[in-house]
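A quick write-up on the structure given underneath.
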Amino acid sequence: MDLIGCNLQAVKQRIANAALACGRNPANIGLIAVSKTFGAPAVAGAHAHGQYAFGENYVQEALEKIAVLAHLAPDSRMEWHFIGPIQSNKTRAIAENFAWVHSVDRPKIAERLSSARPAQLPLLQVCIQVNIGNENSKSGIAPDQALELARVVVALPRLRLRGLMAIPPASEHPAQQRRYFAQLRQIKDELAGAGIALDTLSIGMSGDLEAAIMEGATLLRVGTAIFGQRLKD
Ligand SMILES: *Cc1c(COP(=O)(O)O)cnc(C)c1O
């Protein structure tokens with residue numbers, strides 16, 4: 001089998017092992033292949049192995065790949081997820097070309113995505129990005145403002161709020177990784193208590209997917225472990 005196929009198989013094995021270790025059903029843990037900086041052939045390669053969900057960070061780069069791979073889309077369940085920081089002048093392109101957006105972090109962006117979402121497409125599936133760890137360098141709304149933003153998103157007609165996303169501070173220690181992910185899970189519980197029930201936790205990348213699964217991840221975003229090391233970022 002080719003490298004991407006082997007890598008995908010290895011990632012799925014890691015997911016299965018981690019799920020087994022905490023008594024979860026691996027079928028409830030989705031895998032998004034993060035293809036940023038890799039070209040359309042890499043995406044097509046993963047698609048050939050049955051991978052349908054892809055994550056992209058940069059609008060222009062993503063639009064080119066989506067156009068080149070449009071022939072795969074009709075009967076193939078191709079599903080594009082936008083996971084990068086969002087500038088407001090890019091909201092229309094995102095709303096028109098993606099099924100999911102994981103990085104909604106302020107009301108203005110949510111409002112613009114909703115008004116730009118074409119009527120003939122399904123509702124745009126949305127996660128709110130939370131800045132767990134309150135790092136200056138990272139986007140995401142502050143944890144104590146997540147509920148307020150969730151109320152805004154829930155009220156918008158063309159968005160469907162599905163869950164929360166986070167990229168916690170980098171740590172090589174599983175116990176520390178789990179503490180950050182647990183904070184996001186706690187915010188999800190608080191929102192449920194306030195009447196906003198969510199079914200998605202978008203957490204876990206190549207280096208910490210096991211810890212994320214232990215804390216309830218339902219969508220993993222994995223790049224390096226599938227496509228290899230990125231030259232630029
Ligand atoms: C790049 C990126 C990933 C994938 O990270 P890897 O460590 O390569 O698995 C996941 N989520 C976001 C938001 C990213 O930007």
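The values are calculated or read from the model by the stated rules, or taken from the named source; none is laboratory data. Note that this is a predicted model, so its numbers are computed, not measured. Neighbour counts run over all protein chains shown; Cβ positions are idealised from the backbone, glycine included. Heads up: the accessible areas ignore ligands, DNA and RNA and are worked out on the full protein's heavy atoms, side chains in. Shrake-Rupley method; radii C 1.70, N 1.55, O 1.52, S 1.80 Å.
Only one of Ala182, Ala197, Ala166, Ala170 is crowded, with 20+ Cβ neighbours inside 10 Å and either at pLDDT 95 or above or over 21 Å from Trp100 (Cβ atoms) (or both). Can you tell me which? Give the steps one after another, and end with the answer.
Working: Ala182 fails: crowded, with 20+ Cβ neighbours inside 10 Å; Ala197 fails: crowded, with 20+ Cβ neighbours inside 10 Å; Ala170 fails: crowded, with 20+ Cβ neighbours inside 10 Å.
Sole residue among the options that is crowded, with 20+ Cβ neighbours inside 10 Å and either at pLDDT 95 or above or over 21 Å from Trp100 (Cβ atoms) (or both): Ala166.
Tell me, which helices (runs of 4 or more DSSP H) lie completely within region 122-233 with 1 or more residues that are more than 11 Å from the ligand (Cβ to nearest atom) and within 16 Å of Arg106 (Cβ to Cβ)? Quick ask: steps written out before the conclusion?
On the way: elements: 146-154, 174-193, 209-214, 224-227.
Ranges flagged: 146-154.
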Residues being surrounded by 14 or more Cβ atoms within 10 Å (Cβ to Cβ) and in contact with a Lys or Arg (Cβ under 9 Å, 6 or more places away or on another chain) - total across region 119-131: 7
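Whether any residue in region 16-30 is at pLDDT below 95 and either under 17 Å from the mean Cα position of the chain (by Cα) or open to solvent by less than 30 Å² (accessible area, probe 1.4 Å) (or both) is what I want to check. Outline the logic, then answer.
Taking region 16-30 first, the residues at pLDDT below 95 are none.
Looking through region 16-30, none of the residues is at pLDDT below 95 and either under 17 Å from the mean Cα position of the chain (by Cα) or open to solvent by less than 30 Å² (accessible area, probe 1.4 Å) (or both).
Looking at this structure, is Phe181 closer than 20 Å to Glu215 by Cβ and either among the acidic types (Asp, Glu) or within 17 Å of the chain's Cα centre (by Cα) (or both)? I'd like the intermediate steps shown before the answer.
Values: closer than 20 Å to Glu215 by Cβ: yes; either among the acidic types (Asp, Glu) or within 17 Å of the chain's Cα centre (by Cα) (or both): yes.
It is true that Phe181 is closer than 20 Å to Glu215 by Cβ and either among the acidic types (Asp, Glu) or within 17 Å of the chain's Cα centre (by Cα) (or both).
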Arg158, sole failed condition from (1) under 24 Å from Gly216 (Cβ atoms); (2) open to solvent by 40 Å² or more (accessible area, probe 1.4 Å): (1)
